[in-house]
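Take a look at the structure below.
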Amino acid sequence: MPKKKAAPIQSVKGMHDVLPEEQLIWDFIIKKGRSILEDYGFLKIDSPILEQTNLFERSIGEGTDVVDKEMFNLKTKGGDNLTLRPEFTASFVRAYIEHGMSAWPHPVKLYGIGPVFRYGQPQGGRLRQFNQLNSEIFGDETPAADAEQIFILCKLLNEIGIKNTYVKINSIGDKSCRSGYIKALKDYYRPRLKKVCPTCKTRFKKNIMRMLDCGEEGCRAVSESAPQALDYLDIECKNHFKLLLEFLDEAGVPYILDHRLARGLDYYTRTVFEIWSEDEQINFALAGGGRYDYLVELLGGYKTSACGWAMGIERIILAMKALEVKIPESKHNPKVFLAQLGDLAKKKSLVLFEELRKSGIPIQASFGRDSIKSQLRIANKLGAFFTLILGQREALDGNVILRDMESSAQELIRLEDVVEEIRKRLKDK
Ligand code: AMP
């Protein structure tokens, strides 16, 4: 009886491998992100994936979906409560305080890239492990900082190839205007609670602003006529928002005011925004962010205004695929394949490979294979322009066969001339 095959183990729900063929698009996005952010003076920071649970409870806030339902929490053997980061901002604020960045010249501009974890219901563009590019500016309370962040984000998406984007934007005011607004929301929703979903009934008690951007049809109908935060802004918040919109007008960034945009996390003040595509196939936010003027203080630092954004890389890839965005080919696509036959040729081919690699010629080989036919098949599959064939006889005579993969023409060349010859011929391809 054949031995029973062990059941294969699957990846965790909502978490994906990024396969070799997808690496090119990932590198492309990350390189673009790094390059544009560094041009604007942002410094890269890597923070740990695990943080103390109370970092997120204190910043994002209890009563939010992220903290109440979506955190991956664990308890260490030593009894510490840790959480896989559900976002970057709180970690960056912690790092800003922990490393005394308040003493650095301001504004302090930081960016980071990496995985974040949210225990949501995986569907469409929603994953449980996804990657964000994240950008923050500390120590600039002016709307110029909000505008810079939004402008950079739109430029980045444009350079990535996602052209027709627009900004949904709102101001939710600061501490001084919030209480009046919350009261108005309570007065509005209280008599309408029968019409909203069960989650929104809980939100009414815990996080009423989240009722505004609930996606349920019934809730959307109710929130349509809900009081608008803009009507409750004090004069400073109003001016801040007005100036920000003027900056965006001047920079030619398209935006729409969305009075239902609240963004669900407790720490936001004044500006909140999301970037969307005008293409109807892309029915999710590409990126989002806002201002958080009290968070540094809340987490134990000095009062420091700040604003930032996060862009989901998997969502960007989905959008690029939907829009059929073409990205430049990898420089590392092998232009030359090295095939060998016989023991001596096998030994010599390692040295020849290294010589070609060091000369910057994109090359691949399959050192262990014996059949020329199968090696040529691989060369074809890889799209190599030339195959170098090193057989027993050639290895002994100091020659190598150069095969043009398109015409199948073959000629003998001296081993010492091979780098020069390949260089010359690749120029014509
Ligand atoms: P947020 O921190 O929720 O504003 O998310 C910022 C960005 O991360 C969003 O605009 C999306 O691009 C992306 N994102 C958020 N949640 C998910 C998720 N569950 N799966 C994939 N991408 C996400």
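Whole-Hz ³J(HN,Hα) for each residue in segment 357-373, computed from phi via Karplus 6.51 cos²θ - 1.76 cosθ + 1.60 with θ = phi - 60°, x for glycine and proline: what do you get?
4, 5, 7, x, 8, x, 9, 9, 8, 10, 4, x, 6, 9, 8, 5, 4
What are the residues whose amide H is under 5 Å from the amide H of Cys197, where those residues sit 5 or more places off or on another chain and H is modelled from the backbone?
Sorted by chain and number, the residues that satisfy this are Cys219.
Return the whole-Å distance between the Cα centroid of segment 370-429 and the Cα centroid of segment 169-223.
69
Rounded if a/c is under 1.5, else prolate if a/b is larger than b/c, else oblate: which is segment 324-393, with a ≥ b ≥ c the root eigenvalues of its Cα gyration tensor?
Taking the square roots of the gyration eigenvalues as a ≥ b ≥ c, segment 324-393 is oblate.
Note the full-extension length gain between Glu22 and Ser102 as 0.36 nm times their separation in residues minus their Cα-Cα distance, in nm to one decimal. Can you show the working numbers first?
Working: separation 80, 0.36 × 80 = 28.80 nm, distance 3.94 nm.
Full-extension gain reported as 24.9 nm.
Starting from the 7 Å offset along Cα-to-Cβ, what nm value, one decimal, do you get for the label separation of Lys13 and Glu411?
6.3
May I ask you to evaluate 6.51 cos²θ - 1.76 cosθ + 1.60, the Karplus curve with θ = phi - 60°, for each residue of segment 291-299 and list the ³J(HN,Hα) values in order in whole Hz, giving x for glycine and proline?
Residue by residue, segment 291-299 yields 9, 9, 7, 10, 5, 4, 5, 4, 9 Hz.
So what's the back-of-envelope 222 nm ellipticity for the chain, counting only DSSP H runs of four-plus at -39500 (n - 2.57) apiece and dividing by all residues, rounded to 500? Don't skip to the end; give the middle numbers.
Working: 15 runs with 162 residues, N = 429.
Helix contribution divided over all residues of the chain: -11500 deg cm²/dmol.
Would you mind checking which residues have amide H under 5 Å from Ser305's amide H? H placed 1.01 Å from N; only 5 or more apart, or other chain.
Gly139, Asp140
Once you mark the GluC sites (Glu not before Pro) that are in a DSSP loop and have at most 13 other Cβ atoms within 10 Å, what is the longest gap between them in the chain?
Values: sites that count: Glu62, Glu224, Glu278, Glu280, Glu324, Glu329, Glu406.
Of all site-free stretches, the longest is 63-223.
Which entries of Lys238/Lys303; Lys3/Lys381; Lys201/Lys238; Lys155/Lys326; Lys13/Lys326 show an alpha-carbon separation above 25 angstrom in the structure shown?
Numbers: Lys238/Lys303 21 Å; Lys3/Lys381 35 Å; Lys201/Lys238 30 Å; Lys155/Lys326 17 Å; Lys13/Lys326 30 Å.
Checking Cα-Cα distances, Lys3/Lys381; Lys201/Lys238; Lys13/Lys326 exceed 25 Å.
Quick one: if the Förster radius is 45 Å, what FRET efficiency do Asp39 and Leu344 give, using the C-beta to C-beta distance and rounding to 0.05?
Numbers: r = 52 Å, r/R0 = 1.16.
Computed FRET efficiency for Asp39 and Leu344: 0.30.
Using only Cα atoms, find the angle between the long axis of helix 235-251 and the longest principal axis of the chain, and express it within 0 to 90 degrees, rounded to the nearest 10.
Helix 235-251 and the main axis of the chain meet at about 30 degrees.
In the full protein assembly as shown, how much of Arg263 is accessible to a 1.4 Å probe, in Å² to the nearest 10?
Its accessible surface works out to 50 Å², give or take rounding.
Where a Cα-Cα gap under 19 Å defines reach, which aspartates and glutamates qualify for Lys69, not counting those fewer than 8 residues away within the same chain?
Cross-link targets: Glu51, Glu57, Glu87, Asp213, Glu216, Asp266.
Starting from the Cα-Cα distance between Lys155 and Ser176, subtract it from 0.36 nm times their residue separation and give me the gain in nm to one decimal. Intermediate results must be reported in sequence, preceding the final value.
Values: separation 21, 0.36 × 21 = 7.56 nm, distance 3.37 nm.
Computed gain between Lys155 and Ser176 is 4.2 nm.
From the backbone phi of segment 81-86, what are the Karplus-calculated ³J(HN,Hα) couplings (6.51 cos²θ - 1.76 cosθ + 1.60, θ = phi - 60°) in whole Hz, Gly and Pro given as x?
Couplings: 8, 10, 9, 5, 3, x Hz.
Kindly state, to the nearest 0.05, the FRET efficiency for Arg126 paired with Glu236, given R0 = 41 Å and r defined as their beta-carbon distance.
Values: r = 37 Å, r/R0 = 0.89.
So, using R0 = 41 Å, E works out to roughly 0.65.
Can you tell me the mean projection area, over all orientations, of the convex hull of the chain's alpha carbons? Units nm², please.
On the way: hull surface 122.0 nm².
Spelled out: convex hull of the Cα atoms, projected over all directions, averaged, 30.5 nm².
The values are calculated or read from the model by the stated rules, or taken from the named source; none is laboratory data. Since this is a predicted model, take the numbers as computed values, not measurements. Here the Cβ is made from the backbone with ideal geometry for all residues, glycine too, and neighbour counts use every protein chain on show. We work out accessible area using only protein heavy atoms, side chains counted, and drop any ligands, DNA or RNA first. Shrake-Rupley method; radii C 1.70, N 1.55, O 1.52, S 1.80 Å.
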